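Colleague: Let me give you the structure first, and then I'll get to my questions.
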């Protein structure tokens with residue numbers, strides 16, 4: 001497998017637009033742990049090896065445990081995640097698998113757990129990692 005086109009070189013303005021959204025998310029109060037969980041879980045669902053590799057490495061550097069990383073794809077069946085994290089993970093899954101739509105219950109649970117502003121930040125983070133996943137998968141970015 002080899003990387004296909006390099007979006008950042010072929011269409012730098014488009015790449016910079018997505019990077020701008022990423023930079024906005026980094027400027028919000030969204031915690032690093034929440035951002036990491038969103039990035040890893042969406043990347044697992046989408047099957048983006050490049051993003052899984054990058055974001056699990058980043059999560060470890062900022063203190064995420066191996067146990068939680070390994071259990072992330074089965075988070076519902078573990079006691080390792082807070083109620084707030086569970087709301088974020090449920091929303092991440094439903095937004096990533098958008099063809100099934102986001103259930104009212106999932107949305108309401110996230111809203112109640114997070115509040116409007118934090119929920120908006122979570123939604124934007126989910127959308128952004130899904131965009132990056134689609135770039136990584138389509139262009140066959142290779143983990144290092």
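The values are calculated or read from the model by the stated rules, or taken from the named source; none is laboratory data. Keep in mind the model is a prediction, meaning the values are calculated, not measured. As a convention, Cβ positions derive from the backbone with ideal geometry for all residues, glycine included, and neighbour counts pool all protein chains shown.
Residues checked against (1) closer than 14 Å to residue 40 by Cα; (2) loosely packed, with under 12 Cβ neighbours inside 10 Å:
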position	(1), (2)
64	yes, no
69	yes, no
72	yes, no
76	no, yes
85	yes, no
88	yes, no
92	yes, no
99	no, yes
103	no, no
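Colleague: Could you tell me whether residue 84 is more than 15 Å from the chain's Cα centre (by Cα) and farther than 14 Å from residue 132 by Cβ? Steps first, answer last, please.
Modeller: Working: more than 15 Å from the chain's Cα centre (by Cα): yes; farther than 14 Å from residue 132 by Cβ: yes.
Taking the combined requirement at face value, the residue satisfies it.
Colleague: Give the number of residues within the range 23-40 that are closer than 14 Å to residue 132 by Cα and exposed (fewer than 15 other Cβ atoms within 10 Å of the Cβ).
Modeller: Looking only at that region, the number is 1.
Colleague: So if I check each of 115, 136, which one is loosely packed, with under 15 Cβ neighbours inside 10 Å and either at pLDDT 95 or above or under 18 Å from residue 22 (Cβ atoms) (or both)? It would help to see each step written out before you state the result.
Modeller: Numbers: 136 fails: loosely packed, with under 15 Cβ neighbours inside 10 Å.
115 is the lone residue from the list that is loosely packed, with under 15 Cβ neighbours inside 10 Å and either at pLDDT 95 or above or under 18 Å from residue 22 (Cβ atoms) (or both).
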